[in-house]
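Note sheet for the following structure.
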Amino acid sequence: MNNKTPLKEIAKLFLKLGVIGFGGPAAHIAMMQEEVVQKRKWLTQQHFLDLIGATNLIPGPNSTEMAIHIGHEKAGWKGLVTAGLCFILPAVLITGFFAWLYKEYWQIPEVKPFIYGIKPAIIAIILSAIFPLAKKSIKTIQLGIIAGVVLLLSLLNFNEIILMFGAGILAVLLYYFKLDKNNNVHSFIPLTLFQISDNHFMSAVDWNLFLIFLKIGAILYGSGYVLFAFLHAELVVAGLLSRTQLIDAIAVGQFTPGPVFSAVTFIGYQINGFSGALFSTIAIFLPSFIFVALLNPLVKKMRHSRLFSTFLDAVNVASVAIIISICLEMGSETFVDWRTILIALLSIAILFKYKKINSALIVLAGSITGYLLTFV
């Protein structure tokens, strides 16, 4: 599985995922798991889990960083750049189109009838993908208990990164108390995060946007809702963007495929046209490429250290628990009537019966079914 993969194959896969990747990071990771673990056998289930755990320890958009990790695993530096850019590009182009449309006509085309059935289908895709990951990650009763506690605390809205590190540290402490003195324990290598200091307002709007979004990309953990808070503090409070524009930008990021961070493309365009969109987009994603490039070589070393391995196992089960929590949260917002419940149940039944079915077909079928059921 360590054989190099042609860049053309990597580009083809991540362009496809960038086009069909509706539903946020959990759905994107589920689709990647299906493609690179089940279908192509590029990675083992365990190594894929390790990459998820490692990704959750650094700032930035998780699914984009997973794409970058996978590209690096399969084709080194060229694969890292190719996978990341190909996954991001479709979302950026689609969001850029909506940004132009919005600025020209001050409205977003009505798409609700077509996205009505997408969310329940996406929840089904996530659950079908997380099932084998859960089986693989919960190796002991202790890890099962940690997963249960993390799931409960996540549902109570505890911070995701605190839960990740907390699970890892708890597992290491439990391991430490059982550790034989003769065992070789590797020391932790702290993962340092950089933060760019706040800048005074600059006359060059693009440079100002670049610095703002570079800072956000370098320090932001969590979901699109956390991104919303950061953008509000940096842009709305500063008077660069209206609250309505920010809400519309997040909405566009939610209903277009690919990473939600593509909402930044929309924002950059509203503030300073094409150049604003370009520099904002580069800035928000650039730290992810740097962090993954630094972290990826350490993942396998972490797995070969008993102490790190213990830490990583706990982070893995915490990751799975948080993804399940996201599914439950999405479900509470999505299952509003019998139609959405029916779409989810049908999607789950199909996915568990036909394990190799392309998730894009499930998304498409969910969209069409949802549209048709709105007339019932």
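The values are calculated or read from the model by the stated rules, or taken from the named source; none is laboratory data. Predicted model only: the values in this text are computed from it and were never measured. All Cβ positions, even for glycine, are placed from backbone atoms using ideal geometry, and neighbour counts span all protein chains on display. Surface areas here come from the heavy atoms of the whole protein model, side chains and all, with no ligands, DNA or RNA. Shrake-Rupley method; radii C 1.70, N 1.55, O 1.52, S 1.80 Å.
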Distance in nm between Lys301 and Leu286 label points, each 7 Å along Cα→Cβ, equals 2.6
The answer for the net charge of residues other than Leu312 whose Cβ lies under 12 angstrom from its Cβ, with Lys and Arg +1 and Asp and Glu -1, is +3
Residue ranges of DSSP H helices in the chain that stretch 24 Å or more (Cα, own long axis) and have mean Kyte-Doolittle hydropathy of at least -0.5 are 62-105, 118-137, 160-178, 263-304, 306-334
Taking a probe of 1.4 Å and leaving out DNA, RNA and ligands, the range 272-336 shows per residue an accessible area in Å² of 38
Computed over the range 1-104, protein heavy atoms only, probe 1.4 angstrom, the accessible area per residue in square angstrom equals 35
Share of accessible surface on carbon and sulfur in the chain, whole %, 1.4 Å probe and ligands ignored, is 68
The FRET efficiency for Lys135 and Phe375, from their Cβ-Cβ distance with R0 = 56 Å and rounded to 0.05, is 0.90
Once the in-chain neighbours fewer than 8 apart are removed, the aspartates and glutamates whose Cα is under 16 Å from Lys39 read Glu9
Extension length gain for Ile161 and Arg40 (0.36 nm per residue less Cα distance), in nm, is 40.5 nm
Taking a ≥ b ≥ c as the square roots of the eigenvalues of the Cα gyration tensor, with a/c under 1.5 meaning rounded and otherwise prolate when a/b exceeds b/c and oblate if not, the chain is oblate
The relative contact order of the chain, taking Cα pairs under 8 Å that sit 6 or more residues apart, comes to a percentage of 31
